[in-house]
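Here is the structure we will look at.
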């Protein structure tokens with residue numbers, strides 16, 4: 001079976017079908033309460049540019065074509081849009097990158113009923129909110145079920161409800177450890193296979209080279225923390241009907257917190273926002289030697305590290321228990337057709353083609369896009385797995401991502417207020433980065449905050 005990191009191992013909390021039933025009976029979170037709490041995550045929308053950027057993908061379309069707008073933050077996705085327009089006369093897609101404000105802008109447009117694009121990209125964690133509020137078109141009536149077999153079951157589970165299909169999966173956010181192999185060798189450091197070894201190697205590095213960091217605690221990227229704690233065995237949220245368990249103070253969460261509190265208290269890791277100018281400079285100049293990188297990241301990062309191209313490699317994630325192979329996943333993005341479109345059939349045709357056509361995915365699975373496609377027809381192929389990137393030299397890096405261990409976080413799906421959780425976690429992470437709180441204290445605060453918020457939303461809290 002492809003993609004071992006998404007396998008559902010025996011003993012997990014819920015099967016795919018059970019997970020769907022659980023999510024469907026959740027109390028919907030009102031869209032009006034979500035707008036202010038949406039955060040832009042680099043893992044959710046790729047390396048989105050800092051401003052609104054239009055392109056000319058519609059040029060050359062025949063007069064009288066159905067014109068569609070498409071919002072996506074994926075660099076280079078316009079190449080697929082141009083190809084679609086050339087090969088599908090009568091439909092003309094215009095791509096627009098709305099930049100880092102896209103989540104809030106999209107939800108505002110959905111909520112007010114005007115201004116939304118025909119097709120849009122977003123994070124899997126928002127599927128429940130969008131579908132419950134009838135913001136999305138059911139694509140089953142336009143043939144979406146015919147491509148179900150192209151995707152892992154967990155990905156299809158996250159876009160389908162009660163026989164309806166409300167988006168087409170695009171990419172995965174599976175993690176690996178990206179490291180500067182040249183400097184690690186120069187400094188006599190081993191690539192950590194456990195988190196305990198990450199601490200040991202970090203101590204050796206700091207003793208010999210003060211101010212050089214083994215890793216980074218990025219205060220702007222709550223996805224790293226919310227995904228990372230699942231690798232330790234913690235569950236931020238476990239859903240059972242309207243009953244909700246919140247797990248930020250579990251023993252497994254404390255294990256995760258202990259590792260990062262040690263790394264932070266000993267100043268072994270930087271506290272630089274990832275994908276910021278400083279972060280890229282620190283990677284380029286050898287100030288940060290390893291980072292947790294989702295599968296799409298090496299392609300983006302490589303475009304900014306011209307002086308160190310070929311110096312980097314990826315390795316399996318460090319483990320909390322030696323000898324295990326437990327992965328983590330930051331989600332990823334599907335594309336959906338919004339209920340505001342006047343042309344649902346044509347929009348659905350583009351959506352399905354974009355994420356299942358080999359012609360499209362062969363453009364998106366390499367730079368400058370560098371996506372790790374959800375469609376197994378591409379991501380399991382030798383053409384994809386044999387790829388090499390300038391950043392990582394001769395390494396076939398996607399084979400490392402492919403063999404990443406199962407992510408236990410998929411057992412319970414996404415929490416009922418994922419964007420709110422991400423926003424609150426991000427605010428709390430700022431305090432940690434400033435040294436005003438420990439990770440353990442942050443988790444205790446989040447536990448209290450999320451329990452209180454969940455009760456206000458009508459959930460019954462269990463096991464907390």
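Numerical summary
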{"item": "Qualifying residue in the stretch 211-220 (condition: surrounded by fewer than 20 Cβ atoms within 10 Å (Cβ to Cβ) and farther than 30 Å from residue 74 by Cβ)", "result": "yes"}
{"item": "Among the residues listed as 439, 400, 432, the single one being touching a residue at least 40 places away in the same chain (Cβ under 8 Å), closer than 17 Å to residue 174 by Cβ and buried (at least 18 other Cβ atoms within 10 Å of the Cβ)", "result": "400"}
{"item": "Subset of the stretch 434-461 (residues that are part of a loop (DSSP other than H, G, I, E, B) and either modelled with pLDDT of 95 or more or under 26 Å from residue 260 (Cα atoms) (or both))", "result": "434, 435, 436, 437, 438"}
{"item": "Hits in the stretch 95-116 - residues which are under 12 Å from residue 130 (Cβ atoms) and either outside any helix (DSSP H, G or I) or not assigned by TED's automatic domain parsing to the domain that holds residue 69 (or both)", "result": "116"}
{"item": "Candidate set from the stretch 49-79 (those that are over 23 Å from the mean Cα position of the chain (by Cα), over 18 Å from residue 116 (Cα atoms) and modelled with pLDDT of 75 or more); member that is surrounded by the most Cβ atoms within 10 Å (Cβ to Cβ)", "result": "61"}
{"item": "Identity of the residue in the stretch 126-152, more than 21 Å from residue 357 (Cβ to Cβ) and under 19 Å from the mean Cα position of the chain (by Cα), that ends up modelled with the lowest pLDDT", "result": "128"}
{"item": "Which listed residue, of 205, 244, 226, is assigned to a strand (DSSP E or B) and surrounded by 20 or more Cβ atoms within 10 Å (Cβ to Cβ)", "result": "244"}
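The values are calculated or read from the model by the stated rules, or taken from the named source; none is laboratory data. Keep in mind that this is a model prediction, so the values were computed, not measured. Virtual Cβ from ideal backbone geometry, glycine too; neighbours counted across all protein chains shown.
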